[in-house]
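Notes follow the structure.
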Amino acid sequence: MIDLEKAEKIFDEYVSHYDDNDAKTVLKKHHTKRVQKEAKEIAEYLKLEEEDRKLAELIGLLHDIGRFEQLKRYHTFSDRNSVDHAELGLEILFQDGYIRKFVEDEQYDDIIYKAIHNHNKYKIEEGLTERELLHSKIIRDADKLDILMLIRTEPLETLFNKKEITNEEISKEVYEQTLNCQTIERSFVKTDLDRWLVDIAFIFDMYFPISLKKVKENGYIHDLIARIDYKEETTREKMKKIEQVAYEYMQKRIEEG
């Protein structure tokens with residue numbers, strides 16, 4: 001059985017060893033708890049049994065556990081410039097045996113492993129069981145929801161190590177993928193504005209209508225696009241077009257249910 005109260009205490013103890021004076025550490029602590037809450041709400045929306053609701057919450061609690069060690073070792077959250085944080089988290093949980101502190105029963109191990117492994121990948125891997133796939137989808141949606149909320153207000157300096165990205169341009173391939181309602185392949189990302197659009201394009205990889213409804217009702221996409229004071233007129237027009245496409249896509253998916 002999953003004891004969430006115990007798991008939360010173990011998590012708080014684990015992250016207490018990392019530097020709270022670092023804004024990025026604090027950011028990830030808060031992100032983790034919010035993703036746990038989002039996962040719970042998605043599971044409730046799906047009317048899952050109590051066991052799977054608790055499992056979704058537990059995965060939300062553990063999905064980014066590798067981030068803290070990543071920051072300590074490499075001083076960055078950039079997987080490209082350091083290590084895949086999901087794989088580092090799995091090493092901590094399963095190779096180092098930390099998973100048994102969070103949940104004693106081994107029956108959930110494969111689902112937890114697969115969900116964490118897949119939460120930050122471009123696409124979910126093939127060959128998962130129905131339950132592994134379900135929890136991979138839940139954590140991916142929950143994670144994306146909180147990232148979109150967070151970057152609306154988080155200082156750009158924390159996100160990009162610079163105070164503004166007003167002079168950035170959108171790469172041709174990134175613009176085309178966004179207009180085609182596709183998630184953006186990292187190999188096409190050349191500018192910080194491209195990176196901004198990677199997050200905006202998260203909506204094209206959300207699985208549940210409840211997730212898109214939250215994005216739409218909270219105005220995440222509008223706020224993200226409006227946040228940047230684009231210096232180039234062509235860039236402003238492209239971002240307006242992207243916003244239009246995004247809202248049409250979300251509305252259609254929500255209506256389809």
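The values are calculated or read from the model by the stated rules, or taken from the named source; none is laboratory data. Given the structure is predicted, the values throughout are model-derived calculations rather than measurements. Quick reminder, even Gly has a Cβ in these numbers, built from the backbone with ideal geometry, and neighbours come from all protein chains shown. For accessibility, only protein heavy atoms count, side chains too; no ligands or nucleic acids. Shrake-Rupley method; radii C 1.70, N 1.55, O 1.52, S 1.80 Å.
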Self-check item: Among (1) open to solvent by 70 Å² or more (accessible area, probe 1.4 Å); (2) not in a helix (DSSP H, G or I) - the single one residue 244 does not satisfy
Solution: (2)
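Yes/no matrix, rows are residues, columns are (1) among the basic types (Lys, Arg); (2) surrounded by 20 or more Cβ atoms within 10 Å (Cβ to Cβ); (3) in contact with a Phe, Trp or Tyr (Cβ under 7 Å, 6 or more places away or on another chain):
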{"position": "18", "(1), (2), (3)": "no, no, yes"}
{"position": "21", "(1), (2), (3)": "no, no, no"}
{"position": "29", "(1), (2), (3)": "yes, no, no"}
{"position": "35", "(1), (2), (3)": "no, yes, no"}
{"position": "42", "(1), (2), (3)": "no, yes, yes"}
{"position": "47", "(1), (2), (3)": "yes, no, no"}
Practice problem: Search segment 15-43 for residues that are closer than 18 Å to residue 157 by Cα and pair each with any residue that is open to solvent by 60 Å² or more (accessible area, probe 1.4 Å) and acidic (Asp, Glu) when their beta-carbon atoms are under 7 Å apart and the residues are at least 6 apart or on different chains. | Solution: 25/19; 26/20
Quiz prompt | Of all residues in segment 178-214 being among the charged types (D, E, K, R) and more than 20 Å from residue 141 (Cα to Cα), the one that is surrounded by the fewest Cβ atoms within 10 Å (Cβ to Cβ) | solution = 190
Quiz prompt | Selection status of residue 175, closer than 22 Å to residue 60 by Cβ, at pLDDT 95 or above and open to solvent by 40 Å² or more (accessible area, probe 1.4 Å) | solution = no
Quiz prompt | Residues within segment 156-167 that are open to solvent by less than 40 Å² (accessible area, probe 1.4 Å) and either in contact with a strand residue (DSSP E or B) (Cβ under 7 Å, 6 or more places away or on another chain) or more than 22 Å from residue 79 (Cα to Cα) (or both), tallied | solution = 1
Practice problem: Using the structure shown, decide if residue 255 is in a helix (DSSP H, G or I), more than 22 Å from residue 139 (Cβ to Cβ) and either small (Gly, Ala, Ser) or open to solvent by 70 Å² or more (accessible area, probe 1.4 Å) (or both). | Solution: yes
